[in-house]
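J.: Pasting a structure here, questions to come.
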Amino acid sequence: MSPVFPMLTVLSMFYYMCLRRRARTATRGEMNSRRAIESNTRALPINVEIVQYAKEVLDFSSHYGSENSMSYTMWNLAGIPNVYPSSGDFTQTAVFRTYGTWWDHCPSARLPFKRTPPTFCSQDYVELAFEEPVYPTAVHILETYHPGAVVRILACSANPYSQNPPAEVRWEILWSEAPTKVNGPQARQFTPCIKQINFPTNLIRLEVNSSLLDYYTELDAVVLHGVKERPVLSLKTSMIDVNDIDEDEDEEKYDCGMDTLNKQFSIVTLREWPTNGYFDKLPYELIQLILSHLTVPDLCRLAQTCKLLYQHCCDPLQYIHLSLQPYWARINDTSLEYLQSRCTLIQWLNLSWTGNRGAISVSGFSRFLKVCGSELVRLELSCGHFLNETCLEVITEMCPNLQELNLSSCDKIPPQAFNHIAKVGSLKRLILYRTKVEQTALLSILNFCSELQHLSLGSCVMIEDYDLIASMMGAKCKKLRSLDLWRCKNITESGIAELASGCQLLEELDLGWCPTLQSSTGCFTNLARKLPNLQKLFLTANRSVCDTDIEELAANCTHLRQLDILGTRMVSPASLRKLLESCKDLSLLDVSFCSQIDNRVVLELNTSFPNVFIKKSFTQ
């Protein structure tokens with residue numbers, strides 16, 4: 001045989017491998033990879049591109065606005081732009097609840113979970129439904145104020161308008177990036193380079209991280225571009241990177257961490273080795289310490305190497321603190337079942353964002369807690385829409401040592417279910433933000449949970465009489481350190497007086513957007529005199545806050561670190577200067593839309609007090 005033929009065979013195999021890799025790249029859409037094929041490809045067959053705005057907002061984790069209004073709410077993301085291309089602070093946009101790192105430096109801040117993958121940095125999310133399922137070719141996000149918060153864009157295989165839900169719901173990441181600092185608060189159209197996916201979608205999810213922002217980010221609209229037929233890349237290429245025929249490491253890592261997570265939880269057949277090398281010489285405790293730095297997928301992957309490491313990776317001591325929130329898209333009943341034997345000693349559990357669209361059932365959640373709930377101290381269930389009354393009943397029965405419970409934005413839990421929480425007398429932290437808790441249940445909780453130190457009732461619209469609630473807090477919750485009453489509509493000076501008299505350990509109080517409080521009644525003066533330990537006080541959008549209130553804070557609350565008086569017309573530069581001179585630890589002062597505080601005053605104060613972040617918002 002001529003030596004030419006083996007060479008042709010080798011070249012044919014090489015060409016075949018290139019085409020195979022090319023096809024896989026086209027299928028999985030790694031178009032923005034540093035090793036993507038450089039080509040002048042075009043989609044075949046040619047499809048007419050469909051351009052559509054979001055039809056509906058399906059779900060979100062938080063928003064700045066009220067549940068009974070459209071101002072600053074996520075619902076503003078539906079439809080055509082209201083503001084873009086204008087820049088500034090507009091009520092017609094979608095705004096999340098927090099920004100910066102201020103919330104991480106206040107008394108109510110929670111300790112982070114270890115083993116959170118560095119690639120997961122999302123803090124909030126919003127899910128949007130579009131009319132037509134398409135294969136996405138572009139996603140445009142219209143940001144009108146302090147852009148740069150979006151860190152991840154995902155697409156879902158489930159059609160929210162279909163009468164026949166799929167047996168399996170898949171989520172695919174279209175684009176992901178670490179938080180970046182954007183220079184300037186001006187509006188922009190953000191169009192990241194997204195990858196192709198192999199299913200049509202009309203459900204897009206944005207995840208955000210606002211930690212690097214100087215103020216609240218504002219989103220106006222989301223535009224989805226796509227085609228009805230799946231694009232097929234032509235094979236005409238200008239250059240192929242030899243490295244591209246290797247398996248993509250990032251792709252493998254994602255598959256191991258997400259798509260095959262459940263398989264890794266399961267027991268595998270392990271090869272028997274005569275020795276375990278240097279691991280045989282290491283103390284058991286030292287190996288445990290080394291493994292404690294691995295993420296959950298890495299721990300599961302390592303467990304498949306040998307019996308010794310399998311034993312270490314399945315040790316319940318490795319699962320004392322467990323956060324499954326980074327893997328929310330793949331956690332289901334099977335995942336929880338596999339984890340049961342490893343989590344018998346678990347104390348901290350984060351299931352926030354998990355289980356939606358039928359992934360976790362009530363029975364699956366209940367089975368897990370019955371096995372693993374006895375030692376639980378902290379349970380995070382934010383945005384867990386699978387939760388119902390049975391789940392809360394199981395929590396209160398199976399978790400006798402529970403001290404922290406987060407039900408933020410669990411808006412599907414029926415009002416009567418919250419009565420069960422009163423059975424957990426050991427609670428020290430309870431987050432009920434955006435839930436349907438009613439007055440009767442809340443009074444019962446306050447009566448029996450006297451150890452409460454941190455309580456969030458922000459945007460709880462079904463409570464009829466906040467004065468009665470405040471009175472009960474003052475009488476029963478003497479250890480309260482932080483209280484969130486954001487957007488409670490009916491608290492008055494009477495409730496504030498009861499609260500200040502009974503809860504004198506308060507260090508953090510959020511009374512933002514509480515329109516029934518008036519400075520003329522002396523309520524804010526009373527707060528300043530009764531609560532000398534205050535470190536954070538939000539009086540957002542209370543137009544009546546005046547110089548007298550600021551001067552009382554300067555005289556009595558010298559430990560103040562964060563103060564929000566956005567929107568007041570009655571505060572002068574002189575009183576602010578007194579406050580800044582008295583409160584040496586003050587780091588955040590929001591005077592946005594304060595009519596007497598113009599940009600010149602802010603500049604002067606910033607010059608005199610450079611360690612204080614003084615925020616002055618604007619509208620164009």
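The values are calculated or read from the model by the stated rules, or taken from the named source; none is laboratory data. Everything quoted here is computed from the prediction, not taken from an experiment. Cβ sites come from the backbone with ideal geometry, for glycine too, and all protein chains shown count toward neighbours. Each accessible area value is taken on the protein alone, full model and side chains, heavy atoms only, with ligands, DNA and RNA left out. Shrake-Rupley method; radii C 1.70, N 1.55, O 1.52, S 1.80 Å.
J.: If you take the residues of the range 61-108 that are of a type in the set (Val, Ile, Thr), under 15 Å from Thr144 (Cα atoms) and assigned to a loop (DSSP other than H, G, I, E, B), which of them is most open to solvent (accessible area, probe 1.4 Å)?
T.: This residue is Ile80.
J.: Looking at the range 493-540, which of the residues that are surrounded by fewer than 19 Cβ atoms within 10 Å (Cβ to Cβ) and within 32 Å of the chain's Cα centre (by Cα) is nearest to Arg561 (Cα to Cα)?
T.: Only one residue tops the list, namely Asn533.
J.: May I ask you to say which residue of Gly65, Gly88, Gly79, Gly100 is small (Gly, Ala, Ser), modelled with pLDDT under 95 and either closer than 24 Å to Arg205 by Cβ or in contact with a Pro (Cβ under 9 Å, 6 or more places away or on another chain) (or both)? Explain how you work it out, then say what you get.
T.: Numbers: Gly65 fails: modelled with pLDDT under 95; Gly79 fails: modelled with pLDDT under 95; Gly100 fails: modelled with pLDDT under 95.
Among Gly65, Gly88, Gly79, Gly100, only Gly88 is small (Gly, Ala, Ser), modelled with pLDDT under 95 and either closer than 24 Å to Arg205 by Cβ or in contact with a Pro (Cβ under 9 Å, 6 or more places away or on another chain) (or both).
J.: Another one. Being of a type in the set (Ser, Thr, Tyr) and closer than 23 Å to Lys55 by Cβ is the requirement here; does Thr180 meet it?
T.: Spelling it out, it is not the case that Thr180 is of a type in the set (Ser, Thr, Tyr) and closer than 23 Å to Lys55 by Cβ.
J.: Here's a follow-up. Would you say Pro112 is assigned to a loop (DSSP other than H, G, I, E, B), without any contact (Cβ under 8 Å) to a residue 24 or more places away in the chain and either acidic (Asp, Glu) or within 29 Å of Leu560 (Cα to Cα) (or both)?
T.: On the way: assigned to a loop (DSSP other than H, G, I, E, B): yes; without any contact (Cβ under 8 Å) to a residue 24 or more places away in the chain: yes; either acidic (Asp, Glu) or within 29 Å of Leu560 (Cα to Cα) (or both): yes.
Spelling it out, Pro112 is indeed assigned to a loop (DSSP other than H, G, I, E, B), without any contact (Cβ under 8 Å) to a residue 24 or more places away in the chain and either acidic (Asp, Glu) or within 29 Å of Leu560 (Cα to Cα) (or both).
J.: Moving on to the next point. Could you say whether any residue in the range 303-326 is closer than 30 Å to Leu427 by Cβ and aromatic (Phe, Trp, Tyr)?
T.: Yes: the range 303-326 contains one or more residues that are closer than 30 Å to Leu427 by Cβ and aromatic (Phe, Trp, Tyr).
J.: Among the residues of the range 148-171, is any more than 30 Å from Leu589 (Cβ to Cβ), part of a strand (DSSP E or B), in contact with a His (Cβ under 7 Å, 6 or more places away or on another chain) and among the small types (Gly, Ala, Ser)?
T.: Taking every residue of the range 148-171 in turn, none turns out to be more than 30 Å from Leu589 (Cβ to Cβ), part of a strand (DSSP E or B), in contact with a His (Cβ under 7 Å, 6 or more places away or on another chain) and among the small types (Gly, Ala, Ser).
J.: Hey, another quick one. Looking at the range 345-459, what helices (runs of 4 or more DSSP H) fall wholly within it and have at least 3 residues that are open to solvent by 10 Å² or more (accessible area, probe 1.4 Å) and more than 30 Å from Cys156 (Cα to Cα)?
T.: 389-398, 439-448
J.: Quick check on my filter: what residues within the range 116-147 are surrounded by fewer than 19 Cβ atoms within 10 Å (Cβ to Cβ) and assigned to a loop (DSSP other than H, G, I, E, B)?
T.: Selection gives Thr116, Pro117, Pro118, Thr119, Phe120, Cys121.
J.: Okay, next question. Within 18 Å of the chain's Cα centre (by Cα) and open to solvent by 50 Å² or more (accessible area, probe 1.4 Å) - does that describe any residue in the range 178-187?
T.: Yes, the range 178-187 contains a residue that is within 18 Å of the chain's Cα centre (by Cα) and open to solvent by 50 Å² or more (accessible area, probe 1.4 Å).
J.: Please work out which residue is farthest from Ile80 (Cα to Cα), limiting yourself to the range 188-202 and to residues that are out of contact with any His (no Cβ under 8 Å at 6 or more places or on another chain) and surrounded by fewer than 18 Cβ atoms within 10 Å (Cβ to Cβ). Show your work before the answer.
T.: From the range 188-202, those out of contact with any His (no Cβ under 8 Å at 6 or more places or on another chain) are 188, 192-202; that's our starting set.
Checking the rest, the ones that are also surrounded by fewer than 18 Cβ atoms within 10 Å (Cβ to Cβ) come to 188, 192-193, 198-199.
Working: Arg188: 15, Pro192: 20, Cys193: 22, Asn198: 28, Phe199: 26 Å.
Only one residue tops the list, namely Asn198.
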